[in-house]
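Structure first, then comments.
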Amino acid sequence: MQDEILINHISQSLINSKIYDVVLTDINGDYVFVNETFHSRFSFITDDFTGKPSSIAMHPDEYLKIEEIVIKCFANPKHCFPVELRKPLQTGKGYNWTQWEFSAILDNNQEPIGILCIGFDITGPEHNNLQLKEFQTKLTKTIESIPHPMLILDDEQNINYINREFEVVFGFSISEIIGKKIEILFPEHHKENYNRLLGNYITENQKKIRVNPYRDFKNNKNENITVGISLNSFYDNGNLNIIMIIEDLTLAKQNQDTIINQNNAFRQIAWKHSHELRKPVANILGLSNLLDIKDLKSETNYKTISYLREAANELDLITQSIVKEAIENECEVEFEKNKRNLF
């Protein structure tokens, strides 16, 4: 009898709905009525829902959520309360997302005797939202895995995004840099040139490009950082976005300069070997041929030995200068281990 009273509270249009799932439960949460739309969607659970607990058609983690909604319905019988619930799939793998509205049904004494539940499937939008969140998470992790500072600029050269590596290398926090123009990183004597080059890229050449290496930028302490820059761009809602990946080449440039200086020093040493050393060595060899082995005390031998001593001293001085130059230009090349590297 009470079941009939409950069912009489449902309009015929809802009972016959092809879009909405209509469910009626008693105050214990057992099914009193389900419409044909609900039954056909979840008939794989049971052929007859009447008298069975409503928990058979929901995700186990939703029980507490349902209890809270039912309590609200009983406390506020004139209100409807929305709730999203997961319903099982026929395959047994996963769940559908459904949107419901719960409201209390009262008897003639205004006492609650059941809960009217009206719902529909939102799996598509909910699934898309979940996929979007997953994609955003993957994208964020991908960006943060880039081992170089990265910026995203708009077409006015304003900085709209930085990754964590930018903070590490340049020392600017997000609050200090977002919304500022990129020229905040340009040394004063390079601003005009760099702004012109970036402006040309924005207006003429919006594609992937590698800027010639060894540009000078500055950090938040106004210290010079030698960098290499890659530019790329994309449009978002018609707005140009410029991706700038900055590689810190400060140490690489220092190493390169060291190697160049050492090479120049080696060339100078090689020149001294082939030219300055050649003279005293040739003199020594030539003078040695003038020695008179038969008359060691001859005047010729005396003069020759004197010349040999001069040539040997000259050779010693040149040798010392070469050694000194080699020592002065000796410099170790440093290789910095990136903190992201395991080895």
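The values are calculated or read from the model by the stated rules, or taken from the named source; none is laboratory data. Since this is a predicted model, take the numbers as computed values, not measurements. Positions of Cβ are generated from backbone atoms using ideal geometry, with glycine treated the same way; all protein chains shown enter the neighbour counts. Quick note on the areas: whole protein, heavy atoms, side chains included, nothing else; ligands and nucleic acids left out. Shrake-Rupley method; radii C 1.70, N 1.55, O 1.52, S 1.80 Å.
For Ile113, the criteria (1) farther than 14 Å from Gly29 by Cα; (2) β-branched (Val, Ile, Thr); (3) open to solvent by less than 70 Å² (accessible area, probe 1.4 Å) hold in every case but one, which is (1).
Every listed requirement among (1) in contact with a Leu (Cβ under 8 Å, 6 or more places away or on another chain); (2) surrounded by 14 or more Cβ atoms within 10 Å (Cβ to Cβ); (3) not acidic (Asp, Glu) is met by Ile177 save one, (1).
One line per residue, one yes/no per condition, for (1) over 28 Å from Asn129 (Cβ atoms); (2) assigned to a strand (DSSP E or B); (3) under 45 Å from the mean Cα position of the chain (by Cα):
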| position | (1), (2), (3) |
| --- | --- |
| Asn28 | yes, no, no |
| Tyr31 | yes, yes, no |
| Glu67 | no, no, yes |
| Pro82 | no, yes, yes |
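Let's see how each residue does on (1) over 22 Å from Ser233 (Cβ atoms); (2) of a type in the set (S, T, N, Q); (3) touching a Lys or Arg at 6+ places or on another chain (Cβ under 6 Å):
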| position | (1), (2), (3) |
| --- | --- |
| Val168 | yes, no, no |
| Phe172 | yes, no, no |
| Glu176 | yes, no, no |
| Glu183 | no, no, yes |
| Pro187 | yes, no, yes |
| Arg196 | no, no, no |
| Asn200 | no, yes, no |
| Lys207 | no, no, no |
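Count of region 71-109 residues, restricted to those that are in contact with a Cys (Cβ under 7 Å, 6 or more places away or on another chain) and either open to solvent by less than 40 Å² (accessible area, probe 1.4 Å) or of a type in the set (Phe, Trp, Tyr) (or both), is 5. Being among the charged types (D, E, K, R), closer than 28 Å to Asn255 by Cα and in contact with a Gly (Cβ under 9 Å, 6 or more places away or on another chain) is the requirement here; does Arg164 meet it? Criteria not met by Arg164. Residues that are over 11 Å from Asp154 (Cα atoms), open to solvent by 40 Å² or more (accessible area, probe 1.4 Å) and either among the β-branched types (Val, Ile, Thr) or part of a loop (DSSP other than H, G, I, E, B) (or both) within region 219-245 comprise Asn220, Lys221, Asn222, Glu223, Asn237, Gly238, Ile245, listed in sequence order.
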